[in-house]
Amino acid sequence: MRLGPEGFDKIAIIGSAPDSVALAPFEDRSWALWCCSPGAFAVVASKRSDVWFETHRYQPSQPGRSGAPGTQPYFSPEFHAFLRAYPGPVFMSQVHPEIPNSVRIPFEELIRQYGPYHFTSSVSLMLAMAISSRPKALGLWGVDMSATSEWSYQRPGCQHFVGMAQALGIQVVLPPESDLMRHPVIYGLGELHPRHIKLTARLAMFEGRKAALLQQAQQISANLAEVGGAIGDAEYMLANWSDDVEPDPIKAFSLASEFKPAIASPEPTPVGATPAAPVATGEDASTGAEVLNLKKG
């Protein structure tokens, strides 16, 4: 299985951290370029790479169906097509017929050699496989593991294998943009450092400002609801109360057949003429208000 250019003696592991991914030695053919992550695909697809790692469960999205049940958004149709056409080995958790060059990661052999405790990310698996190849040098570009949530537990696994590589005499190359080898603050000791004290105070200040802004946002939300109600009321008044024409309940009713016996059809009034005042006599005297009580039949 070809894992790099002819005669390579160094292995570069390339992730998706934007600070340094573009700094990888794409033009130096003494380096084998091992890449991972859909995030790196956008940068690396147009450059040289020799091996690809996609360790996540394979759940590709079909065109126009991103986010559909049973798919993952990072398996875009473009990334799927890239893996399908990839000329080198594609190491995956399982072999997939859709990916002609897919190769199963040798999990059992890696666990036998290195134990089960430190395989917490794609990069840690890549590091272990690279160490097994015993290169002269091992470099990491686009690998920070700096997110505070998901990757906080992944960084120690990478640090473990970086330390193992150095202990075995393999040169480790890290760009200055990477903070992969930053250790956590030493428990108990770090709290005494002036920088820790200063940053803790700043964090508390920002949290206080955030709480005040959230309170303002809640008040603004309440004010918006109040104004929305006032707008609705004003729109109703504008549509129903913005002229001086008196209501005419008789003309509001349909002159359908069931009402004809109860309502006399008035003589039409010529345009421009003053209508004659109605003359009410006897029981027919009416103000028109009783029309509201008309019943069908």
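The Cα trace of segment 121-236 gives Rg and Dmax of 24.7, 81 Å, the first to one decimal, the second as a whole number. Count Lys and Arg as plus one, Asp and Glu as minus one, and take only other residues whose Cβ is under 15 Å from that of Ser20; the net charge is then -2. Charged neighbours of His193, selected by a Cβ distance under 15 Å, balance to +3 (K, R count +1; D, E count -1). For the pair Met237 and Ile250 in one chain, pulling the backbone fully straight at 0.36 nm per residue adds 2.4 nm over the alpha carbon distance. The trypsin sites (Lys or Arg not before Pro) of segment 87-147 that DSSP puts in a loop, and whose beta carbon has at most 13 other beta carbons within 10 Å, are Lys136. Using C-alpha pairs under 8 Å with a sequence gap of at least 6, the mean separation divided by the residue count of segment 10-173 gives a relative contact order of 25 percent.
Semi-axes of the equivalent ellipsoid of segment 169-251 are 66, 20, 8 Å, computed as sqrt(5λ) over the eigenvalues of the C-alpha gyration tensor in descending order.
May I ask you to order 117-128, 173-184, 16-27 by the average number of other C-beta atoms within 10 Å around their residues, highest value first?
Values: 117-128: 22.2, 173-184: 14.0, 16-27: 17.4.
Ranked by mean Cβ neighbours within 10 Å, highest first: 117-128, 16-27, 173-184.
Dividing the radius of gyration of the alpha carbons in segment 1-41 by their Kirkwood radius gives 0.98 for Rg/Rh.
Taking every pair of alpha-carbon atoms in segment 10-173, give the share separated by more than 20 Å as a whole percent. Here the long-distance tail beyond 20 Å is 51 percent of all Cα pairs in segment 10-173. Note on Lys136 and Phe107: their simple-model spin labels are 3.6 nm apart, each label 7 Å out from Cα toward Cβ.
Quick note: the coordinates plus some simple rules give every number you see, no bench work behind them. Computed from a predicted structure; not experimentally measured. Don't worry about glycine lacking a Cβ; one is built from the backbone with ideal geometry, like all the others, and counts go over all protein chains shown.
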